[in-house]
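The values are calculated or read from the model by the stated rules, or taken from the named source; none is laboratory data. Please read all numbers here as calculations on a predicted model, not as lab measurements. All Cβ positions, even for glycine, are placed from backbone atoms using ideal geometry, and neighbour counts span all protein chains on display. To get the accessible areas, we keep the full protein, side chains included, count just its heavy atoms, and leave off ligands, DNA and RNA. Shrake-Rupley method; radii C 1.70, N 1.55, O 1.52, S 1.80 Å.
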Amino acid sequence: MKMFLKTFNMTIDPIYDKDSICIIGAILTVLLILRLFRMRINILQRIFGIVFAVMIAASLTIMCLRPMEKAKDSKVNRPAVNVLYVLDNSISMWADDGYNNKKRILSAAQICQESLEELSGGNFALIVFNDESHIKLPLTQDAESLKDAFMTVAEPSYFYAQGSNLNLPMEDISKVNSHMREKEDYLNILVYLSDGEITDDSKLKSYEEFKECFDDGIVIGFGTKEGSKMFDCNGYEIKTPISYETAYTHMDDTTLKQIASDMEMNYYHESDRDAIKAKFKQIYKEAHSIEDKSTEKLYDDIWFEYLPLFIGGIILYSLCGMRIKAPIEALKI
């Protein structure tokens, strides 16, 4: 089938699983034919009925497979850039001492969404970590999916403070970066967003191994050194696990500057919006200097061309199912 479609410069975009559609089409054909054999009609009507039954099922199956015909080849003109966002979603990132008194996590999401405007047309991925790390969105060109992913990051459901560990996303960073590097001549960018706070017994590992993995990047810190209380999703204060006192979170820019230094990247505080925006513009400018000029095939829908065949088949099949009296028999009173 693939060879047939390729020969005629066509493709399909099924509304459902193509194998299931073909099976349903075959079942429909059998049911329509069986119905003919249960009707009191002559042989000629039955033969034509079978032909029209196949016509109905075949045209319906083809329409559900959504055939598409090649329209033209289009030159793609997009920045050759892969951007990996690494977002700290630990409970401390939900403190409300972020930029303009927002929650730190919401300030981070806003920066990320603004950066998408500067890096429009690139490829994006998102890693989120708290007590464990997740690749929330693999590498994709769908910026809208990334925006949705930022907005659907859920607050950790703790009623007391738990330890933060900035070593957790390192393995996932390596995994995503291996896919990013499959695209030759692309700029690979890392955007690391965190408050830098480590509250468990772990020690920060060196991020130096990623220095050669990324062409550029930026580390952004959130919160204040003065600190803030933390609240759970129900609005209750977070308590420390042992003394059960009110837990406070304090931004640690020393840790974040160390991460930036290990990877030879720039560090900015979230409040330095102009510098952050300028950095993203610089990355976008560099990416445009090596634009992706690949060719994409564009296709037009042609499923509707089979609609007359489907409707005609239904009408003719219905006529074949009618009992037609012989002329002499019809004259009898």
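What a 1.4 Å probe finds exposed on region 78-201 is 44% carbon and sulfur by accessible area, rounded to a whole percent. Considering only Cα atoms, the convex hull volume of region 17-112 works out to 241 Å³ per residue.
A simple packing score, the average count of other Cβ atoms within 10 Å per residue, orders the peptides 166-174, 38-46 as 166-174, 38-46, with the highest score first.
Around the Cα centre of region 227-284, unit charges on the Cβ atoms of Lys, Arg, Asp and Glu (plus for the first two, minus for the last two) sum to a dipole of about 240 debye.
In this label model, Asn42 and Tyr236 are separated by 8.4 nm, measuring between points 7 Å along each Cα→Cβ vector.
For region 231-273, the extents of the C-alpha atoms along the principal axes are 40, 25, 13 Å, listed from largest to smallest.
For the peptides 262-272, 81-91, residues were scored by their other Cβ atoms within 10 Å and the scores averaged per peptide; the highest-first order is 81-91, 262-272.
Between Arg78 and Ile311, the modelled labels are 3.8 nm apart [label points 7 Å from Cα along Cα→Cβ].
Between Glu182 and Thr246, the modelled labels are 5.1 nm apart [label points 7 Å from Cα along Cα→Cβ].
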